[in-house]
Amino acid sequence: MRPALPGSQSAASEAIFGSSARGDSDALSDRDILIVDDDMDVLRTRGTELSALGWSVASYSFRKLEAMSARGVLFVQHLALEAEIARDRDDRLRGLLASFLPKTDYGPELAANAQLAELASYYPAGYRGELWAADVLYVAVRNFGVLWLAERGIYRFAYDAILRELARSGAIADAAIADLVGLRFIKCLHRGGEKLQPGRVAVGIDRAIAALPPSVFPTAARPLQPGDLLSRKAPEVSAAGYLVLRDLERRLIATEDALGGDAIDGKLEDLRRWIRNPRAYALTGASLAPALRERMDRLVARSKLGSASYSSGADARAQR
């Protein structure tokens, strides 16, 4: 067992996972930690404390983690294979992980991931939209690899290892690995709020798409000006929360490029915060997706941006 982490109030169970546990972290890696407790106040307090220390916190109630285990969610397999437990009151986390059984069919999850990948077919013109599209592709490639390999009884969770195993298994060509590795670096630029010359990332997006199987990934990605992008049909609000949020993120970029950041209200600011904290984006944020979608729809309607006839000075602003 790893020594317990310092702090004023630990959660009932805590474990290091990801590259920090595997020992293959690099300058781009997050420092991943799992905290589990029945008390939501404890999770909030401990999560805030660990985040301030530079950890990327995955926070769950035992009820939530047990439900994920019952559904065969592969994040639990990730923990079962790689997590280093630092604290585990009554061995509750250890018992949960020991009893986990992955599924043999992840077809619905693969179909949902194909929908996510399809979002990258169209992105806001300019460097911010390019970074967004590359980030979405990175997540979709990693998800696809984890799920596709798991159906074959192979469990890989490090991105580079996933790509090597996909090539070894014939899902992608060996030559594709170099083009797909670059998505991880671009993802970090996006989440770090970096500014780039427009067009630089688009080349990497095109190369990555050309390297991916066309049956489950888009065959091309196109930049659109704000009005054209906002006039496109959005995913249904009943779709997976993460899918809705990633679509909202690209719509937020298009709206800001057209109107400026001052047009965005406080609630929509949460989307910016979640970009910097993807665990909150995928977990806590997804439950708020429908309400944020309504706010974005109202903003677009008031601004009259959701029309393909929109022009004016958006081109210049989209290249900021």
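The values are calculated or read from the model by the stated rules, or taken from the named source; none is laboratory data. As the structure is a computational prediction, the values presented were derived from the model and not from experiment. Neighbour counts are summed over all protein chains in view; Cβ atoms, including those assigned to glycine, are modelled from backbone coordinates with ideal geometry.
Table for the structure above
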quantity	calculated
Residue count for the range 11-26, restricted to those that are free of Cβ contacts under 8 Å to residues at least 60 places away in the same chain and in contact with a helix residue (DSSP H, G or I) (Cβ under 9 Å, 6 or more places away or on another chain)	2
Cβ pairs under 6 Å, 6+ apart, first in the range 98-113 and closer than 22 Å to Asp88 by Cβ, second of a type outside the set (Gly, Ala, Ser) and modelled with pLDDT of 95 or more	Phe100/Val76; Pro102/Gln77
From the options Lys233, Lys187, residue that is part of a helix (DSSP H, G or I) and of a type in the set (Lys, Arg)	Lys187
Test: residue in the range 207-222 that is in contact (Cβ under 8 Å) with a residue 40 or more places away in the chain, part of a helix (DSSP H, G or I) and touching a helix residue (DSSP H, G or I) at 6+ places or on another chain (Cβ under 9 Å)	yes
Positions within the range 74-122 being within 20 Å of Val136 (Cα to Cα) and either in contact with a Lys or Arg (Cβ under 6 Å, 6 or more places away or on another chain) or aliphatic (A, V, I, L, M) (or both), in sequence order	Leu74, Leu110, Ala111, Ala112, Ala114, Leu116, Ala117, Leu119, Ala120, Tyr122
Sole exception among (1) touching a helix residue (DSSP H, G or I) at 6+ places or on another chain (Cβ under 6 Å); (2) aliphatic (A, V, I, L, M); (3) more than 22 Å from Leu97 (Cβ to Cβ) for Ile35, by number	(3)
Every residue from the range 80-111 that is surrounded by fewer than 19 Cβ atoms within 10 Å (Cβ to Cβ) and under 24 Å from Ala171 (Cα atoms)	Leu81, Pro102, Lys103, Thr104, Asp105, Gly107, Pro108, Leu110, Ala111
Conditions (1) closer than 28 Å to Arg293 by Cβ; (2) surrounded by fewer than 18 Cβ atoms within 10 Å (Cβ to Cβ); number of the one not met by Ile205	(2)
Residue within the range 73-85 that is among the small types (Gly, Ala, Ser) and either touching a residue at least 60 places away in the same chain (Cβ under 8 Å) or within 25 Å of Arg251 (Cα to Cα) (or both) present	yes
Options Asp257, Asp247: the member that is crowded, with 19+ Cβ neighbours inside 10 Å, within 25 Å of Phe144 (Cβ to Cβ) and not assigned by TED's automatic domain parsing to the domain that holds Leu137	Asp247
Any pair with Cβ under 8 angstrom, 6 or more apart, that starts in the range 33-50 at a residue that is on the phi > 0 side of the Ramachandran plot and ends at one that is buried (at least 19 other Cβ atoms within 10 Å of the Cβ)	none
Test set (1) free of Cβ contacts under 8 Å to residues at least 60 places away in the same chain; (2) out of contact with any Phe, Trp or Tyr (no Cβ under 9 Å at 6 or more places or on another chain); (3) assigned by TED's automatic domain parsing to the domain that holds Val201; (4) among the aromatic types (Phe, Trp, Tyr) - Tyr138 fails condition number	(2)
Scope the range 10-27; condition β-branched (Val, Ile, Thr) and surrounded by 22 or more Cβ atoms within 10 Å (Cβ to Cβ); matching residues	none
Residue list for the range 214-235, filter: closer than 17 Å to Val201 by Cα and among the hydrophobic types (A, V, I, L, M, F, W, C)	Ala220, Ala221, Leu224
Complete set of residues in the range 28-44 that are surrounded by fewer than 16 Cβ atoms within 10 Å (Cβ to Cβ) and assigned to a helix (DSSP H, G or I)	Met40, Asp41, Arg44
Condition met for Ala161 (surrounded by fewer than 13 Cβ atoms within 10 Å (Cβ to Cβ), among the hydrophobic types (A, V, I, L, M, F, W, C) and more than 21 Å from Glu118 (Cβ to Cβ))	no
